[in-house]
Amino acid sequence: MRHLISPLDFSVEELERLLNLANDIENNPDKYADACKRKKLATCFYEPSTRTRLSFEAAMLNLGGSVLGFAGADSSSAAKGESVSDTIRVISSYADICAIRHPKEGAALVAASKSEIPVINAGDGGHQHPTQTLTDLLTIRSLKGRLDNLTIGLCGDLKFGRTVHSLIHALVRYENVRFVLISPEELRIPEYIREDVLKAKGVEFQEVERLEDAIGSLDALYMTRVQKERFFNEEDYIRLKDFYVLNKAKLSLAKDDMLILHPLPRVNEIAVEVDDDPRAVYFKQAKYGVYVRMALILTLLNIEV
Amino acid sequence: MLNISGIHEGFVLDHIQAGMSFQIYHDLKLDKLDCTVAIIKNARSNKMGKKDIIKVECPIEALDLDILGFIDHNITVNVVKGDRIVEKRALTLPKEVKNVIKCKNPRCITSVEQELDQIFLLTDPLKEVYRCKYCEEKYINPARRQK
């Protein structure tokens, strides 16, 4: 039985099959409409999440399956002190597959070790969020036609952003991918990513402070939010915050076919005026999130259509 | 000069970093064994300046070499039988250590989940880095020697 706990659980070949399946679902949705008939997905969300939970539910409903679950620890047995191990054992009797989000890091791995049904990690604290990474990969591959030979810009909070770390881990497995890391000094990529992942694998990368200095060379720009509370003083925040807001003026320096991605929710780091630009694909990205979750459910349930 | 008699059957742990012997005493659960144990602290050493030594009179099978390898793989393990050293055992870093160290990450599932083993995996043998199996929090052994 397979689970998905980390973005690297799938090999490059397995990922290729999964992304091909997601594209087939995108192009032939009717073919898959009853693929999960009489199958149930349990969504066990111990902390609030609108987007991820609804994306999983939409994925299962699109496959003709049903959904049950809880949203928030208050409304679950966790409030009474039940362990993750006990909860998943019980859920295994109710559903065929489970997506779990938990504030504690490693919770999904604990669930998988006790579960009798496939477990999907839908986010475990600040640790992993593999279906976001699959979404990002599917978006880039679908719209660029490849995952190799790309220059990817990652902009904003590169220190605490788990989506950025996971995406780097996933993309270094492809040939000739270069990174431009755009962030204030305070929010640079953690040392272990720089040393153990990028340098250790001989991946070309550069670190810059200003988006304008880098945007012209990028094939895709992955935006994240710079949060005020991450700075030691307000002065630095005020000095730097506008460097990381993408607007029409900065976008005019970019290539005509550069993709703009964002894991969402967006607050103010991408100006609303950018939304109508054909390069802005962050809402399309949410759609790809559903396709890739559909492909993942079918793969983990061993359902072939 | 302090004299501690030799042992007939058991083991002598030599070249322990000075000050580490009590941690080793507890981690090897020597307090649970019904046998003679001698701990020598701050013995003079040409190689190390100062060192600790532990002598234990007990069957050699009672020793968990994995834990000892994790604590400090530079320790020399001398196996004694019939009053003489019959074997020197090499220590290696274990690939996994269970319930020896506790994950210090307050956001880790091990901080709340009942009855969950504390498991650390060796992720970088060269730098002797272990990471929590669940949250991947890094752990570097404080007893790691400068090489």
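Some points to look at:
- Boolean, A:Gly156 is crowded, with 22+ Cβ neighbours inside 10 Å, modelled with pLDDT under 95 and within 14 Å of chain B (Cβ to nearest Cβ): no
Condition check ((1) among the basic types (Lys, Arg); (2) in the same structural domain as B:Glu136 (by TED's automatic domain parsing); (3) touching a Leu at 6+ places or on another chain (Cβ under 7 Å)) across all residues:
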residue	(1), (2), (3)
B:Leu30	no, no, no
B:Ile40	no, no, no
B:Met48	no, no, no
B:Glu57	no, no, no
B:Ile60	no, no, no
B:Leu68	no, no, yes
B:Gln118	no, yes, no
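- Residues satisfying the stated conditions in segment B:23-44, i.e. within 17 Å of B:Asn74 (Cα to Cα) and not in a strand (DSSP E or B): B:Gln23, B:Ile24, B:Tyr25, B:Asp27, B:Leu28
- Odd one out for B:Asn78 among (1) touching a residue at least 60 places away in the same chain (Cβ under 8 Å); (2) in a helix (DSSP H, G or I): (2)
- Scanning segment A:78-111 for residues that are of a type outside the set (Lys, Arg), more than 19 Å from A:Asp9 (Cα to Cα), within 13 Å of another protein chain (Cβ to nearest Cβ) and in a loop (DSSP other than H, G, I, E, B) returns A:Gly81, A:Glu82, A:Ser83, A:Pro103.
- Scanning segment B:81-109 for residues that are within 14 Å of chain A (Cβ to nearest Cβ), assigned to a loop (DSSP other than H, G, I, E, B) and touching a helix residue (DSSP H, G or I) at 6+ places or on another chain (Cβ under 6 Å) gives a single hit, B:Cys103.
- Residue check, A:Lys40 of a type outside the set (Gly, Ala, Ser), in contact with a Phe, Trp or Tyr (Cβ under 8 Å, 6 or more places away or on another chain), modelled with pLDDT of 95 or more and more than 30 Å from B:Asn105 (Cβ to Cβ): yes
- Among (1) at negative phi; (2) away from chain A (no Cβ under 14 Å) - the single one B:Arg131 does not satisfy: (2)
- Within the option set B:Asp52, B:Asp117, being in contact (Cβ under 8 Å) with a residue 12 or more places away in the chain, of a type in the set (Asp, Glu) and assigned to a loop (DSSP other than H, G, I, E, B) holds for one residue only, B:Asp117.
- Residue count for segment B:72-94, restricted to those that are of a type in the set (Gly, Ala, Ser) and on the phi > 0 side of the Ramachandran plot: 1.
The values are calculated or read from the model by the stated rules, or taken from the named source; none is laboratory data. Since the model is a prediction, treat every value here as computed from it, not as a measurement. Cβ: placed from backbone, ideal geometry, glycine included. Neighbour counts: every protein chain shown.
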